[in-house]
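Input: a single structure, listed below in structure tokens.
Nothing in this text is a laboratory measurement; each read-out follows from the coordinates by a stated rule. Keep in mind that this is a model prediction, so the values were computed, not measured. With ideal geometry, Cβ positions are generated from the backbone for all residues, glycine too; neighbour counts draw on all protein chains shown.
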Amino acid sequence: MIKISLPDTATKVIKILKENGFECWAVGGCIRDLLLSRDTKGWDFTTNAAPEEIQKIFLDSFYDNKFGTVGIALKNLKKQFPNLEINDENEIYEITTFRSEKGYSDRRHPDKVTWGKTIEEDLKRRDFTINAIAVTLKNDQYVISDQFGGQDDLEKKIIRAVGDPHERFSEDALRLMRAIRFASQLGFTISEQTINAIKQNAKLIQNISWERIRDELLKILGSSYPYEGFVFLKNTNLLKEILPELEACFGIEQKSPGRHHLYDVGTHSFLSLKNCPSSDPITRLATLLHDIGKVKQWKKLPSGTITFYNHEVVGARMVKTIADRLSLSNEQKDKLWTLVRWHQFSVDEHQTDSAIRRFIKRVGVQRIGDMIDLRIGDRLGGGLQTATSWRLKLYMKKISDVQKHTPSVKDLKVNGRDVMKVLNIKPGPKVGEILGELFKEILKDPTKNEKDYLLGRILSLFPEN
Ligand code: ATP
Ligand code: MG
């Protein structure tokens, strides 16, 4: 028997309910993560006590009618049970009465939720075997309920639906995405029966709101195995449903005489994601979608060379549509657009400082690192052997030099002599004052640091001279 031990506070909650004559089990993600020795992200309990009964026991609890869940803030639990040692005062435990669900005609919400009588009934309605393990206390010993072989699947690293997978996915199509999300987060495979059922039910994802799809998609992107997650999405036909623009990239040839590209656009996109060193979901998404405009811009010249002229402009427009569809936040939208729009940046060693400044301004200082990560993914995902070229390294150094350089009046493209000449004045404090005004202007907008513009500005700023 596997030894398992729950934290003191979780054990206390189970004990309190038991002392009041009820059953209580810790269940779901917390038990899965505990058995995997992963950090747990919140404790959920299930009990045969009705919500009103739970609330009578835990004085400062709150009842969320929509989900049928009673929440207990640990800081309130501490007030009621002062001897309790609590790690995180902000944590909230959720207790839900045993449930059994019947019928899912909208493929999302059960038509009828009734209180279940046993833990077995409650575990039966859960999505995957690894999420259907519960732990309670009997005679001061921890006892595990695991009727679907969840521990075995944890050991074998397999995601497997509870019961008949077809039924489970047609009841609630969000589970299609959840299966792949857990596989990507945990580095698990998906059982053959379950994967086949996902494939056959992929179209049902259309019943799920884009916000929920986005949440799962961002979790896949932010996981330890995002590339493997997207391979699952593609192989199960879910990619076609949620990102048809990316699906369309597969089979788009880009091999040209004398060019380094080895793969079609879709394969290259997936491999870029695989090689992107960033762990940020939006940077990874941008890396995955950076060449999405190539489908529309594909052209084969008589010489046999394939071109994708302006694909970054078209691609940026396309990711805007995708970002709207997924209801990304404004900041996420802006970042995605920026990274795709400017991903073709040149690292030519002959670029001037002002060209580099323009690039920094377009991309934004805080996103330069993400842009470089996209380029590294792009290079490695295109079959190049090294993450950076000497040009890219030199370019990165120049970017940091340009950023380190503190601009001063000396950087102005006009000097004191120019001021005296234009205004026909003698040396004196006025000259410095005028240069100071011009300097303030170019600090706000460095593109204004052009000699002709500044000479004109001297006159219009100080017409009385
Ligand atoms: P996470 O680490 O993302 O919180 P989790 O397993 O805790 O993972 P939750 O969405 O918090 O996932 O759900 C808690 C538990 O509720 C799951 O472990 C599972 O037992 C059950 N569950 C959640 N969503 C579903 C669903 N759509 N269908 C069936 N059971 C579900
Ligand atoms: Mg959870």
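Farthest towards the positive end of the charge dipole of the stretch 114-272, among the residues 189, 257, 270, is the Cα of 257, using unit charges on the Cβ of Lys, Arg, Asp and Glu. Taking 20 °C and 1.002 mPa s as conditions, the stretch 290-422 diffuses translationally at an estimated 124 µm²/s according to Stokes-Einstein applied to its Kirkwood radius (Cα pairs).
For the stretch 242-364, what does the alpha-carbon gyration tensor say about shape, rounded, prolate or oblate, given a ≥ b ≥ c as the root eigenvalues, a/c under 1.5 as rounded, and a/b over b/c as prolate?
Since a/c reaches 1.5 but b/c is at least a/b, the shape of the stretch 242-364 is classed as oblate.
Which residues does the label zone of residue 384 cover in the stretch 345-370, counting backbone N under 12 Å from a point 7 Å along Cα→Cβ? Counting only backbone N, you get 345-348. For the listed residue pairs 156/320; 333/404; 138/219; 41/157, the alpha carbons are over 31 angstrom apart in 156/320; 138/219. Remark: 225, 395, 63 ranked as 63, 225, 395, counting other beta-carbon atoms within 10 Å and listing the fewest first.
For the stretch 114-123, backbone phi angles converted through the Karplus equation (6.51, -1.76, 1.60; θ = phi - 60°) give residue-by-residue couplings of 10, 5, x, 9, 10, 5, 4, 4, 5, 5 Hz, Gly and Pro being listed as x.
Applying the Karplus relation 6.51 cos²θ - 1.76 cosθ + 1.60 with θ = phi - 60° to the stretch 181-186 yields 3J(HN,Hα) values of 4, 5, 4, 6, 6, 9 Hz, where x marks Gly and Pro.
Rg of the Cα atoms in the chain, relative to 2.2 N^0.38 Å, amounts to 1.33. Averaged over residues, the count of other Cβ atoms within 10 Å places the peptides 378-391, 113-126 in the sequence 113-126, 378-391, highest first.
Hey, got a sec? Which GluC sites (Glu not before Pro) in the stretch 198-273 land in a DSSP loop and have at most 16 other Cβ atoms within 10 Å? Here the GluC sites (Glu not before Pro) that fit, given the DSSP loop and packing criteria, are 253. Evaluated with a Cβ-only charge set (Lys, Arg +1; Asp, Glu -1), the chain carries a dipole of roughly 1980 debye about its Cα centre, given to the nearest 20.
Residue exposure proxy: 276, 24, ordered by other Cβ atoms within 10 angstrom of their Cβ from fewest to most, comes out as 24, 276. Need one number: nm distance between label points at residue 459 and residue 167, each 7 Å from Cα along Cα→Cβ, rounded to one decimal. Spacing of the two 7 Å Cα→Cβ label points: 8.7 nm.
What FRET efficiency comes out for residue 417 versus residue 33 if R0 is 41 angstrom and r is the Cβ-Cβ distance? Round to the nearest 0.05. Don't skip to the answer; put the middle values down first.
Values: r = 71 Å, r/R0 = 1.73.
Plugging the Cβ-Cβ distance into 1/(1 + (r/R0)^6) gives 0.05.
Reducing the stretch 80-134 and the stretch 422-436 to their Cα centroids gives an inter-centroid distance of 77 Å. Indicate the gyration tensor shape class of the stretch 157-242 (rounded, prolate or oblate), computed on the Cα atoms with a ≥ b ≥ c the square roots of the eigenvalues: a/c under 1.5 is rounded; otherwise a/b larger than b/c is prolate and the rest oblate. Since a/c reaches 1.5 but b/c is at least a/b, the shape of the stretch 157-242 is classed as oblate.
Name the residue farthest towards the positive end of the dipole of the stretch 376-465 from the options 395, 409, 435, assuming +1 on Cβ of Lys and Arg, -1 on Cβ of Asp and Glu, about the Cα centre. The residue sitting farthest along the positive end of the dipole is 395. Ordered by the count of other Cβ atoms within 10 Å of each Cβ, fewest first, 291, 152 give 152, 291.
Overall shape: oblate for the stretch 234-291, with the ratio a/c of the largest to smallest alpha carbon gyration tensor axis at 1.5 or above and b/c at least equal to a/b.
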